[in-house]
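Engineer: Before I ask anything, here is the structure I am working with.
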Amino acid sequence: MPKDLIERLQRELSSHFGQGEKTFLAVAPGRVNLIGEHTDYNDGFVLPMAIDRHVFLAFRPRSNAEVRVVALDLGEQAQAELDAADFEAMPAFLKYIAGPGKLLQKYQKPIRGFEAVVSSTIPIGGGLSSSAALLVTAVLAFRQINHLSASKAELAHLCAQSERHFSGAEVGIMDPFTSLHGRAGCALLLDCRSLEYHHIPLPSDQLTILVADTRVRRQLSATAYNDRRRACERASASIAKIYPQVRALRDVDEAMLADVRQQMDEQTYRRARHVVSENARTLQAVQALHEPDISRFGELVNASHQSLRDDYEVSCEELDIMVEAAGHGPGCIGARMMGGGFGGCVLVLVRPGNAQAMIEHLQQEYKNRTAIEPNIFTANAADGATVEPLAQKLA
Ligand code: GLA
């Protein structure tokens with residue numbers, strides 16, 4: 001835990017809101033997804049890990065349904081009455097903190113709010129689930145203050161529901177689930193239909209994980225995301241006409257897809273082919289980690305990028321440049337775009353002894369080719385979110 005940051009959050013809390021009831025700290029990690037992209041909303045498999053970049057929310061209960069937040073990194077302060085109708089007009093950070101409380105009111109009333117100071121070490125909007133981590137800290141705060149018995153899986157659903165509501169993108173469960181269930185040193189194999197999961201140890205002596213932020217952010221991604229989702233639903237509905245057991249693309253294999261190719265247009269077929277092949281790759285990647293066969297793991301990661309770029313069409317020029325640069329960088333094991341797409345971060349897997357040389361290579365080559373300064377850092381697999389009394393922590 002970064003002691004200085006936590007002390008600062010505590011000081012800011014007192015200076016903005018005065019002395020109050022017992023203070024708590026909710027901490028939620030961002031995530032990288034090793035493989036299994038755009039499979040979560042198809043009831044499929046994902047292999048993400050929580051990372052050592054976090055949202056920190058220091059909070060104290062209020063006696064009413066008000067949420068007051070100071071966003072330290074933005075230098076902004078805002079407040080919301082949970083009963084208020086107009087969530088749309090709020091600053092984004094407040095929606096993501098007060099929003100889950102609003103949804104909770106459907107299940108339980110009254111819901112008590114809180115006063116809080118928030119800060120984050122996750123790059124915002126870069127595909128590392130900064131918004132899911134923010135939502136996770138908020139739901140943990142609401143659960144703590146209102147003594148709710150919700151399980152972590154239920155909290156993850158609440159976060160995904162809030163994200164859908166406030167971002168307009170009909171996201172799946174992967175991001176908040178990972179933030180809540182991560183384990184240090186491990187990736188998380190999640191079955192997004194049953195929510196059964198396994199922690200898969202990562203061979204850190206053979207593999208260093210880098211995140212290469214292209215610093216490209218595009219707004220059109222919610223529409224494109226929802227378009228992809230619709231294409232998957234169309235594909236699975238046409239496959240179900242021939243194979244009635246199919247409820248989602250998760251239930252389809254490559255042979256079935258080949259059988260029904262004539263039933264759908266070329267684009268829909270390619271969207272489905274990405275999901276079907278990506279599900280298979282994800283399970284093969286788990287096998288490769290078990291062995292461990294790191295080169296095989298890298299090949300699967302590279303194949304994932306090609307499929308996202310060519311079949312699913314959610315990459316962009318800058319992501320492709322970063323992936324290509326990584327591919328001929330020192331000690332590269334594999335590289336691919338991550339998250340929803342159209343910008344954000346690239347996952348780069350590198351032999352541990354080459355990590356620094358790879359960072360320097362990417363910084364130079366990406367900047368030469370795009371004139372953009374990238375942000376590249378090492379990501380370590382971290383534990384999932386926590387909430388604890390703060391005063392005891394500092395004592
Ligand atoms: C975003 C969504 C996730 C998932 C990924 C793509 O991160 O929030 O639910 O669909 O895109 O794999």
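Engineer: Leaving out ligands, DNA and RNA, and with a 1.4 Å probe, what % of the accessible surface on the chain is carbon or sulfur?
Structural biologist: 46 percent
Engineer: Also: Which of the pairs K3/K367; K102/K152; K152/K241; K3/K102 have their Cα atoms more than 30 Å apart in this structure?
Structural biologist: K3/K367; K152/K241; K3/K102
Engineer: Computed from the mean reciprocal separation of all distinct C-alpha pairs, what Kirkwood hydrodynamic radius does region 119-260 have, in Å?
Structural biologist: Computed over region 119-260, the radius equals 17.7 Å.
Engineer: A follow-up question, please. Where does region 94-175 land on Rg(C-alpha)/(2.2 N^0.38 Å)?
Structural biologist: Rg over 2.2 N^0.38 Å, computed on Cα atoms: 1.03.
Engineer: How many percent of the alpha carbon pairs in region 36-107 exceed a separation of 18 Å?
Structural biologist: Counting pairs separated by more than 18 Å, the tail of P(r) holds 54 percent.
Engineer: Estimate the FRET efficiency between Q19 and A89 by the formula 1/(1 + (r/R0)^6), using the beta-carbon distance for r and 30 Å for R0, to the nearest 0.05.
Structural biologist: Given R0 = 30 Å and the Cβ-Cβ separation, E is 0.45.
Engineer: How much length is gained if the chain between S149 and A357 is pulled fully straight, taking 0.36 nm per residue apart and subtracting their Cα-Cα distance, in nm to one decimal?
Structural biologist: Fully extending the segment from S149 to A357 adds 70.1 nm.
Engineer: Per residue of region 19-35, what does 6.51 cos²θ - 1.76 cosθ + 1.60 with θ = phi - 60° give for ³J(HN,Hα)? Whole Hz please, x for Gly and Pro, Karplus curve as stated.
Structural biologist: In residue order, the calculated couplings are 6, x, 4, 3, 9, 10, 10, 9, 10, 10, x, x, 9, 10, 10, 5, 6 Hz.
Engineer: What whole-number value in cubic angstrom gives the convex hull volume per residue for the C-alpha atoms of the chain?
Structural biologist: 145 Å³
Engineer: Can you give me the relative contact order of region 303-365 as a percent, contacts being Cα pairs under 8 Å and 6 or more apart?
Structural biologist: Here the relative contact order equals 31 percent.
Engineer: Once phi is turned into θ = phi - 60°, what whole-Hz ³J(HN,Hα) does the Karplus curve with 6.51, -1.76 and 1.60 give for every residue of region 384-391, x standing for Gly and Pro?
Structural biologist: x, 5, 9, 9, 8, x, 7, 4
Engineer: Using the alpha carbons of region 321-377, what is the convex hull volume per residue in cubic angstrom, as a whole number?
Structural biologist: Considering the Cα atoms of region 321-377, their hull volume per residue is 73 Å³.
Engineer: If you roll a 1.4 Å probe over the heavy atoms of the protein chains, what accessible area per residue do you get for the chain, in Å²?
Structural biologist: Ligands and nucleic acids excluded, the result is 40 Å² per residue.
Engineer: Ranked by accessible surface with a 1.4 Å probe, highest first, in what order do Y225, Y366 come?
Structural biologist: Accessible-area ranking of Y225, Y366, largest first: Y225, Y366.
Engineer: Further question on the same structure: Please report, in whole Å, how far the alpha carbons of region 52-199 spread along each principal axis, starting with the longest.
Structural biologist: Result for region 52-199: principal-axis Cα extents of 40, 33, 28 Å.
Engineer: If you don't mind, another one. State log₁₀ I(q)/I(0) for region 191-333 at q = 0.09, 0.12, 0.20 Å⁻¹ as given by the Debye formula over alpha-carbon point scatterers of equal weight, solvent excluded.
Structural biologist: Cα-only, vacuum Debye calculation for region 191-333: -0.34, -0.61, -1.30.
Engineer: Another question, if that's okay. Rounded to the nearest 20 debye, what is the charge dipole size of the chain about its Cα centre when +1 sits on each Lys and Arg Cβ and -1 on each Asp and Glu Cβ?
Structural biologist: Charge dipole, the chain, about its Cα centre: 820 debye, nearest 20.
Engineer: Tell me the relative contact order for the chain as a rounded percent, counting alpha carbon contacts under 8 Å between residues six or more apart.
Structural biologist: 23 percent
Engineer: Can you grab the distance from the C-alpha centre of region 108-159 to the C-alpha centre of region 206-231, Å, no decimals?
Structural biologist: Here the answer is 22 Å between Cα centres.
Engineer: While we're on this one: In region 273-395, if the dipole is taken from +1 on Lys/Arg beta carbons and -1 on Asp/Glu beta carbons about the Cα centre, which of M337, N380, L349 is farthest to the positive end?
Structural biologist: Of the options given, the answer is N380.
Engineer: Still on this model: When all protein chains stay in place, what accessible area (Å², nearest 10, 1.4 Å probe) is found for R261?
Structural biologist: Surface open to solvent at R261 totals about 90 Å².
The values are calculated or read from the model by the stated rules, or taken from the named source; none is laboratory data. Since we're looking at a predicted model, the values are computed, not measured. Positions of Cβ are backbone-derived with ideal geometry, glycine not excepted, and every protein chain shown enters the neighbour counts. Accessible surface areas use protein heavy atoms only, side chains included; no ligands, DNA or RNA. Shrake-Rupley method; radii C 1.70, N 1.55, O 1.52, S 1.80 Å.
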